[in-house]
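Just below is one structure, and these are the notes that go with it.
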């Protein structure tokens, strides 16, 4: 089957663009689409290329046929209002930066807030990260899995120029932090020295599916186990968005569609839409925290097998990000545990899986944004794979316990707080996150659970400040 790739710049899909996509899908007799790791959309069709070219010419949207020469720009715009964010990274800043960038860049570009955990920071060739200094960004290059920062912070309005230069240098195989800094200094682009390295707080895998309350009403995340979204479903979503004043959708690298700005009065309409199309919500986090390459059927089958094992054996994976890489698939996984399949000419099936072998790796400190991988086990046969991955999950929680104990001791020594001093907090009943009693959010910023299920309790002030 052929596919048509459509980029949604920054993961933002205006309803006007969805109109064009659905019109093209109808002309190509497409019945379903899938979502990509870089917040893009794939239409799957049996139509030939000539027919596609005929309709694509009048579609007024950028498309690619059976290829991905122009990677989508990834951004954490979708996380605004849902998870933590820099105080100055507003909707306007995101859109100003995105609007300044080319529609079809030849290099991968990420624009991501380091305080959120939904969108990867470093899966781009050029990675743009907001700093503590308002309107200034860290710039990281990444090639051959080597992540390197520029020694300066770049002003917002100069990002367009540096991306244009990066594309030019990339074509000449000369792209590096040094070449970009030389250009910045030579042409007087506005910048300041990076006084300190980028600080990335420890992140937890956020919940991004189901109906959830937030400051602007409700948001809905829709996930499909097989990553197939029926065109009929998208048509219903478009019509309900138009009828309720919602102007854009959001695509995540985790193959979900997020709809923000749902009003209380319209919530029942969205519940009806879910029911009409038999769209299940509230999938287990065991199933959601997997980062896979586009069109990788083997990786999806392996993931489903491992998920079923985790589910049946009550394996805890909270806080972990999993990635699967199969032979011939070159991509930057956003994962704290990476399962790499060794080369095998047989398709993955119930009878051939016994002949599959894997390497199991994990990142330094189990940080999914790290590019430093450590080997846990080499050449593991399929029958032992679940056991070895389970071992690594246990290792993570042991690391977490030891790390937290050390950090708690250091914090207590620094702050010199008495053990007996207590403070009132709200505790999330789902994930046990703590919040100050004066700052109760509408829903948990970690797992998305409604705050009406929070419990008021007194805890050691030292312990609470350690978590914060």
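The values are calculated or read from the model by the stated rules, or taken from the named source; none is laboratory data. Quick caveat, the model's predicted, so the values are computed rather than measured. Cβ sites come from the backbone with ideal geometry, for glycine too, and all protein chains shown count toward neighbours.
Worth pointing out:
- Flag for residue 338 being closer than 30 Å to residue 69 by Cβ, at pLDDT 70 or above, out of contact with any helix residue (DSSP H, G or I) (no Cβ under 8 Å at 6 or more places or on another chain) and outside any loop (DSSP other than H, G, I, E, B): yes
- Residue 420 vs. criteria modelled with pLDDT under 60 and either in a helix (DSSP H, G or I) or surrounded by 13 or more Cβ atoms within 10 Å (Cβ to Cβ) (or both): no
- All conditions but one from (1) under 17 Å from residue 152 (Cβ atoms); (2) in contact (Cβ under 8 Å) with a residue 24 or more places away in the chain apply to residue 209; the one that does not is (1).
- From 68, 90, residue being more than 23 Å from residue 233 (Cα to Cα), out of contact with any helix residue (DSSP H, G or I) (no Cβ under 6 Å at 6 or more places or on another chain), modelled with pLDDT under 90 and surrounded by fewer than 18 Cβ atoms within 10 Å (Cβ to Cβ): 68
- Some residue of segment 148-167 being assigned by TED's automatic domain parsing to the domain that holds residue 93, assigned to a loop (DSSP other than H, G, I, E, B), out of contact with any helix residue (DSSP H, G or I) (no Cβ under 8 Å at 6 or more places or on another chain) and loosely packed, with under 14 Cβ neighbours inside 10 Å: no
- Yes/no for residue 350 being more than 25 Å from residue 127 (Cβ to Cβ), out of contact with any strand residue (DSSP E or B) (no Cβ under 7 Å at 6 or more places or on another chain) and in a loop (DSSP other than H, G, I, E, B): yes
- Residues in segment 221-233 that are in a helix (DSSP H, G or I) and within 18 Å of residue 211 (Cβ to Cβ): 233 alone.
- Total residues in segment 363-384, condition touching a helix residue (DSSP H, G or I) at 6+ places or on another chain (Cβ under 6 Å), under 23 Å from residue 146 (Cα atoms) and in a helix (DSSP H, G or I): 1
- Filtered residues of segment 253-309 (kept if over 12 Å from residue 209 (Cβ atoms), free of Cβ contacts under 8 Å to residues at least 40 places away in the same chain and outside any helix (DSSP H, G or I)): 278, 290, 296
- When each of 179, 196, 106 is tested for being over 26 Å from residue 255 (Cα atoms) and part of a loop (DSSP other than H, G, I, E, B), the lone residue that passes is 196.
- Only one of 262, 258, 302 that is surrounded by 20 or more Cβ atoms within 10 Å (Cβ to Cβ) and within 18 Å of residue 39 (Cβ to Cβ): 258
- Meets criteria (free of Cβ contacts under 8 Å to residues at least 12 places away in the same chain and more than 20 Å from residue 82 (Cα to Cα)) for residue 99: yes
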